[in-house]
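Here the structure comes first, spelled out in structure tokens, and everything after it is commentary.
What follows is calculated from the coordinates using simple rules that are stated; it is not laboratory data. Being a predicted model, the structure only gives us computed values, none of them experimental. Positions of Cβ are generated from backbone atoms using ideal geometry, with glycine treated the same way; all protein chains shown enter the neighbour counts.
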Amino acid sequence: MSPSKPRRFRRLLLTGAAGALGTVLRDHLPALADVLRVSDRAPLGEARDREEVVPCDLGDAAGMLDLTRDVDAVVHMGGVSGENRFADLHHANILGMYHLFEGCRKNGVARVVWASSNHAIGFYPRTRTIDATVPQRPDTAYGLTKAFGEDLAQYYQDKYGIEAVSLRIGSCFPKPVDRRMLATWLSYPDLVHLVERSLLAPAVGHTVVFGVSANQESFWDNRAASALGFRPGDNAEDYRAEIEASTPLVGPDDPLVRYQGGQFTAMPHADDEPD
Ligand SMILES: NC(=O)c1ccc[n+]([C@@H]2O[C@H](COP(=O)([O-])OP(=O)(O)OC[C@H]3O[C@@H](n4cnc5c(N)ncnc54)[C@H](O)[C@@H]3O)[C@@H](O)[C@H]2O)c1
């Protein structure tokens, strides 16, 4: 994001701002807004220039109503970010999404860009290229909460006109570190670019896209993201030699290579007692 561009928003809200992706976005979103309101339940440090720090738990309905007041658009990165006990997922990813969208409805927020996950469709086989219109096939209770979030976003678009972009993020890390990420990696610069396009593209309705770089091995048809103006600049292929030298080759029945959700498809239920 070039700092010379005119700032498009008066106030943007970033949730999950203390998390891995929130930390990346916190550095870049000020280019788009006069004020960036950052929120999390984890410590956020001192407010920076043109920033407001507003701690809030996603499970707190009244707090979320306050958090979304006087905001033009939301980048929602907050939530439980992997498989976990259902009670924790329910609190942050189900109640939290509901409170966020209710706050947006009551406060007239125009658009939400939020982190869904590839684990909403993780049980598709890797041999099949899918686009973002196929039915969801969650691979974990975590993925199930992301599928719920996508349905919630569609409902609030259809019924209340709130625009939303659901980002089915693949694997967003500084660099790919295993063989699955040769297909699913999203670089930090491409994340920032995708969020920027999702905030600025006109008339998105509710759009579901994949958050993935221009990886040669990708099994996702990401034309919906192209339509937003997303032009990823990175490709996991650049790391293939490094990854193949440092990670074992697995057989065709291993969940890592069988399903798009990789090892999440083989995780035990998080509420089961360990043997
Ligand atoms: N990093 C990836 O590769 C990836 C892939 C797919 C989806 N995602 C999604 O992107 C989002 C950000 O991912 P991340 O890697 O930065 O995760 P993260 O765990 O580093 O950050 C999530 C943040 O949400 C906050 N949070 C959790 N529960 C909360 C609650 N009840 N109230 C307020 N804040 C709460 C946490 O404190 C944390 O700072 C998550 O929703 C995650 O599911 C990430």
Can you sort K146, K106, K159 from fewest to most other Cβ atoms within 10 Å of each residue's own Cβ? K159, K106, K146
So what is the calculated 222 nm ellipticity per residue for the chain, using -39500 (n - 2.57) for each DSSP H run with n of 4 or more, over all residues, to the nearest 500 deg cm²/dmol? -8500 deg cm²/dmol
Quick one: helix 188-200 against the long Cα principal axis of the chain, what's the angle to the nearest 10°, folded into 0 to 90? 50
To the nearest Å, what is the center-to-center distance of region 189-251 and region 26-89, using C-alpha atoms only? 24
Restricting to bridges with both residues inside region 9-266, how much of the DSSP beta-bridge set is antiparallel, in percent to the nearest 5? 5
Dividing the convex hull volume of the Cα atoms of region 48-137 by its residue count, what figure in Å³ per residue is obtained? 140
Helix 141-160 against the longest principal axis of the chain: what's the angle in degrees, Cα atoms only, rounded to the nearest 10? 40
Sorted largest first, extent of the chain alpha carbons per principal axis (Å): 53, 47, 37
28 Å Cα cut-off, lysine pairs counted over the chain (separation 8 or more, or different chains): 4
Mind pulling the angle between the C-alpha long axis of helix 96-107 and the longest principal axis of the chain? Nearest 10 degrees, somewhere in 0 to 90. 30
Fewest to most neighbouring Cβ within 10 Å: what's the order for T127, T15? T127, T15
Where nothing but the Cβ of Lys and Arg (+1) and of Asp and Glu (-1) is charged, how large is the charge dipole of the chain around its Cα centre, in debye to the nearest 20? 1000
Cα-centred dipole magnitude for region 76-132, charges only on beta-carbon of K, R (+1) and D, E (-1), debye, nearest 20: 140
Only counting other Cβ atoms within 10 Å, I'd like H76, H91, H99 sorted with the fewest neighbours first. H91, H99, H76
